[in-house]
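Shown next, in structure tokens, is the structure this report addresses.
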Amino acid sequence: MHPEILTQDGYTAVSVTESRVRELFPGIRLRPLWTGPDGAHANVLEMDPGTTWPRRDVHEPGPEEVYVVAGTFNDGARDYPAGTFLHAPAGSWHLPQSATGCTLFLFYPQG
């Protein structure tokens with residue numbers, strides 16, 4: 001074992017179940033995991049079955065990276081099953097929703 005790994009500056013580990021939960025909209029919850037010094041951040045988003053984001057979700061100032069961990073995510077155009085990766089460039093938009101419910105890993109490399 002190499003316990004010195006854990007003492008490296010900035011090395012971080014967090015359990016999703018221990019992350020504080022914030023309800024963004026009814027049935028849509030955000031669990032922050034990490035925020036970097038430059039504003040990059042990682043989150044888990046949980047959507048209950050039948051939920052829809054109430055307006056366009058515009059990606060600014062930078063892109064959004066999405067990995068569908070569980071369930072089926074719909075961006076307003078089509079369904080994406082678990083195991084799908086999506087890259088939404090800066091300035092693009094979608095209408096997040098899920099008929100079945102889903103869990104997403106979200107990464108914002110530029111905040």
Note down the relative contact order for region 30-111 as a percent, whole number, built from C-alpha pairs under 8 angstrom at least six residues apart.
43
Per the charge dipole of the chain (beta-carbon charges, Lys/Arg positive, Asp/Glu negative, Cα centre), the residue among Thr72, Pro61, Gln110 reaching farthest to the positive end is Thr72
Using label points projected 7 Å from each Cα along Cα→Cβ, tell me how many nm separate Leu6 and Ser92, to one decimal.
3.9
Computing the accessible area with a 1.4 Å probe over protein heavy atoms, can you report the carbon and sulfur percentage for region 58-111?
58
Could you tally the net charge around Gly101, taking each other residue with its Cβ under 13 Å from the Cβ of Gly101, Lys/Arg +1 and Asp/Glu -1?
-2
Just to confirm, what accessible area per residue do you get for the chain at 1.4 Å probe, in whole Å²?
62
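What does the charge count around Ser92 come to, taking other residues whose C-beta lies under 13 Å from its C-beta (Lys +1, Arg +1, Asp -1, Glu -1)? Walk me through the intermediate numbers first.
Working: positive: Arg56; negative: Asp57, Glu60, Glu64, Glu65, Asp75.
For residues surrounding Ser92, the net value is -4.
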Where labels lie 7 Å past Cα in the beta-carbon direction, separation of Arg55 and Arg22 in nm:
1.7
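The values are calculated or read from the model by the stated rules, or taken from the named source; none is laboratory data. Here the structure is a predicted model, which is why all the values come from computation and not from measurement. Cβ: placed from backbone, ideal geometry, glycine included. Neighbour counts: every protein chain shown. We work out accessible area using only protein heavy atoms, side chains counted, and drop any ligands, DNA or RNA first. Shrake-Rupley method; radii C 1.70, N 1.55, O 1.52, S 1.80 Å.
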